[in-house]
Amino acid sequence: MGERQWRVLTDAAGGATPPLPADDIATRLWAMDGELLWAEPVDGGEGAFPQDLPEVRELLLADPARVAKAWLQYVPRPRWLFEWVMHVCGNEPDGGWSIVQALVAAAKDDEDLALVAAGPLEELLRTHGSSVVERVEQLAQHDRRFRRALSGVWRSTIDQAIWSRVLNAVGDEPGLDG
């Protein structure tokens with residue numbers, strides 16, 4: 001049996017690609033200035049947003065530096081990318097951790113670090129704090145840029161025990177908020 005393929009809807013009128021494997025869908029996602037709206041497997045089964053197909057998601061997560069570079073670009077940031085990164089940080093602690101580290105490494109300045117803090121990092125701590133807090137503490141000990149990003153996280157609905165550990169990890173790092 002060959003590699004699984006999908007037809008990807010490209011417009012509201014029902015325009016679609018020919019059957020494509022996951023690597024071609026990932027390539028098209030990175031190149032798109034429009035939208036890939038929905039993917040349906042050629043062999044039947046459940047459809048999904050193209051970036052949420054397990055095989056495509058795996059390809060995207062395999063290159064967190066590329067994800068980070070594209071996410072930190074304001075224009076032209078692919079429309080699907082912001083939501084996808086937030087979804088990964090909210091639903092996949094390991095994938096989210098990988099992306100957050102790449103985002104901090106790719107950040108050019110405090111403005112970029114603030115975007116990471118108020119978005120993916122806060123979402124990761126809010127939804128998966130107990131499973132990532134040790135990694136957060138360890139990285140904060142040795143990486144001032146990460147500590148700086150961590151200083152910009154707002155508590156939101158982060159569990160109090162996790163939040164206390166975050167504050168301890170930030171230490172005396174001046175906050176991104178001033």
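Computed from the coordinates by the stated procedures, all read-outs in this text should not be read as laboratory data. Please read all numbers here as calculations on a predicted model, not as lab measurements. As a convention, Cβ positions derive from the backbone with ideal geometry for all residues, glycine included, and neighbour counts pool all protein chains shown.
Tabulated values for the structure
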quantity	calculated
For the range 147-159, Karplus couplings with θ = phi - 60° (6.51, -1.76, 1.60), whole Hz, Gly/Pro x	4, 4, 4, 4, 5, x, 6, 9, 4, 6, 10, 5, 3
Once exposed loop GluC sites (Glu not before Pro) are cut out (DSSP; at most 11 other Cβ, 10 Å), longest piece of the chain	47-178
Within-9-Å neighbourhood charge of Gly152 [Cβ basis; K, R +1; D, E -1]	-2
Exposure proxy ranking, count of Cβ atoms within 10 Å, fewest first, for Val133, Val42	Val42, Val133
Within the chain, helix-based [θ] at 222 nm, where runs of 4 or more DSSP H residues each add -39,500 (n - 2.57), nearest 500	-17000 deg cm²/dmol
Nonlocal amide H pairs with Gln5, under 5 Å, H built at 1.01 Å	Val42, Asp43
Chymotrypsin sites (Phe, Trp or Tyr not before Pro) restricted to DSSP loop in the range 21-105 with at most 15 other C-beta within 10 Å	Tyr74
Residues Leu113, Leu9, sorted so that the one with the fewest Cβ neighbours within 10 Å comes first	Leu9, Leu113
Hydrodynamic radius by Kirkwood, which averages 1/r over all alpha carbon pairs of the chain, in angstrom	17.3
Long-range amide H partners of Trp38 with built H, under 5 Å	Leu9
